[in-house]
1. Of all residues in region 213-262, which are away from ligand 2 (no atom under 16 Å from the Cβ), of a type in the set (Lys, Arg) and under 30 Å from LYS55 (Cα atoms)?
2. Restricting attention to region 1-53, which residues are farther than 20 Å from THR141 by Cβ and of a type in the set (S, T, N, Q)?
3. LYS259 passes all but one of (1) closer than 24 Å to GLY155 by Cα; (2) within 16 Å of ligand 1 (Cβ to nearest atom); which number fails?
4. Taking region 267-311 on its own, how many of its residues are of a type in the set (Asp, Glu), in contact (Cβ under 8 Å) with a residue 40 or more places away in the chain and over 30 Å from ALA45 (Cβ atoms)?
5. How do the pairs read when you match residues in region 228-256 that are under 18 Å from VAL167 (Cα atoms) and at pLDDT below 95 with residues anywhere that are open to solvent by 60 Å² or more (accessible area, probe 1.4 Å) and of a type outside the set (S, T, N, Q), using Cβ under 9 Å and keeping only pairs 6 or more apart or on different chains?
6. From the list THR131, THR141, THR60, THR109, exactly one residue is of a type in the set (Ser, Thr, Tyr), within 15 Å of ligand 1 (Cβ to nearest atom), surrounded by 15 or more Cβ atoms within 10 Å (Cβ to Cβ) and within 24 Å of SER4 (Cβ to Cβ). Which is it?
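The values are calculated or read from the model by the stated rules, or taken from the named source; none is laboratory data. Just so it is clear, the structure is predicted and the values come from calculations on it, not from any experiment. Backbone-built Cβ (ideal geometry, glycine too); neighbour counts: all protein chains shown. Ligands, DNA and RNA are excluded from the accessible area calculation, which covers all protein heavy atoms including side chains. Shrake-Rupley method; radii C 1.70, N 1.55, O 1.52, S 1.80 Å.
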Amino acid sequence: MVVSMKGKDLVAIHDLSVEEVRQILKTTEILKLRCRSGERDQPLAGKTLGMIFSKPSTRTRVSFEVAIYQLGGYALYLGANDLQLGRGETIGDTGRVLSRYLDGLMIRTFSHQDVIDLAAAASVPVINGLTDLLHPCQGLTDVYTVYEKLGRLEGVKLVYVGDGNNVAHSLMNGGAKTGMHVVVCTPPGNQPDPKVFEGAKRDALETGARIELTHDLREAVSGADVIYTDTWTSMGQEAQREQKIKELAPYQVNQALMKATGKPGTIFMHCLPAHRGEEVTDEVIDSRASVVLDQAENRLHTQKAILALVM
Ligand code: CP
Ligand code: NVA
């Protein structure tokens, strides 16, 4: 079934229907194939995407900018501190004004509420490029990458190990919409947001997904098809770095943990940037099991799909 997503915001994967998630994954697959064969459709010719950044970025910025260019459109990088937003203009006024110039907005910021408010004020689609709470473009890319690598999603056991925040949340949401078995394994005090967990559990009822939380690392990774981790010090949490390292150190993804899955073909994923020697060892991230570069590349194809569908 083809569902129209034109004009839709992407604030959270949880807000999308199961069909919409499927459509993004299918479109990603098609656009990646066409990109690889040198065929470039330009459905967004003449369209402009504004990209507001309050935090740094390598992958999100470059992949969005290249994505819209390849689709025939144009991207504007808007550093939050270069906008009047940095001097107190409200997010609502910013959204209403920018909607008069642009055909779409992408925003990376701290407060998730700011993205909700921007989406409410803007008359063009708003795409969440990461908040402290969620990273939906990453979550959709990750689900696509699992599908690409393993050829299926239903029942695939993905174990997220580490800090239970934005990336873990969007993986729970993405897994719940696609029938996966997602286990989020964190030290006590670092578990995911209970509201996000409850939302993912509700979505799982529709798809047969399993979403679980645990502190028990060995039990969690047993039988894992995918081991996933993220930095222990997310952007904006620099002051808590020493404490996070202390709490999360036993949850490092190393060769011993990869072996503890008991499966020969377990793949390793990471949204990047990685803090090598902290959440993951060089041995694992540089191993044959690691798909992190394909995962990073897939940000481009997934975002092309999102842009083409909503803009
Ligand atoms: N994974 C990701 O979002 O990377 P950037 O912070 O470099 O955009
Ligand atoms: N959790 C990380 C993800 C970076 C892509 C952060 O928020 O910094």
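1. Listed by number, the list holds a single entry, LYS246.
2. SER4, SER37, GLN42, THR48
3. Status for LYS259: all satisfied but (2).
4. Summing the residues that are of a type in the set (Asp, Glu), in contact (Cβ under 8 Å) with a residue 40 or more places away in the chain and over 30 Å from ALA45 (Cβ atoms) in region 267-311 gives 2.
5. none
6. Sole residue among the options that is of a type in the set (Ser, Thr, Tyr), within 15 Å of ligand 1 (Cβ to nearest atom), surrounded by 15 or more Cβ atoms within 10 Å (Cβ to Cβ) and within 24 Å of SER4 (Cβ to Cβ): THR141.
Listed here are the residues, each with its yes/no results for (1) out of contact with any His (no Cβ under 9 Å at 6 or more places or on another chain); (2) part of a loop (DSSP other than H, G, I, E, B); (3) closer than 22 Å to GLY236 by Cβ.
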residue: ARG40; (1), (2), (3): yes, yes, no
residue: LEU44; (1), (2), (3): yes, yes, no
residue: MET51; (1), (2), (3): yes, no, yes
residue: SER57; (1), (2), (3): yes, yes, yes
residue: THR60; (1), (2), (3): no, no, yes
residue: GLU65; (1), (2), (3): yes, no, no
residue: TYR77; (1), (2), (3): yes, no, yes
residue: ASN81; (1), (2), (3): yes, no, yes
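To keep it simple, each residue is scored yes or no on (1) touching a His at 6+ places or on another chain (Cβ under 6 Å); (2) in a helix (DSSP H, G or I); (3) closer than 26 Å to LEU300 by Cβ; (4) β-branched (Val, Ile, Thr).
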position	(1), (2), (3), (4)
LEU140	no, yes, yes, no
GLY175	no, yes, yes, no
ASN190	no, no, no, no
PHE197	no, yes, no, no
ASP203	no, yes, no, no
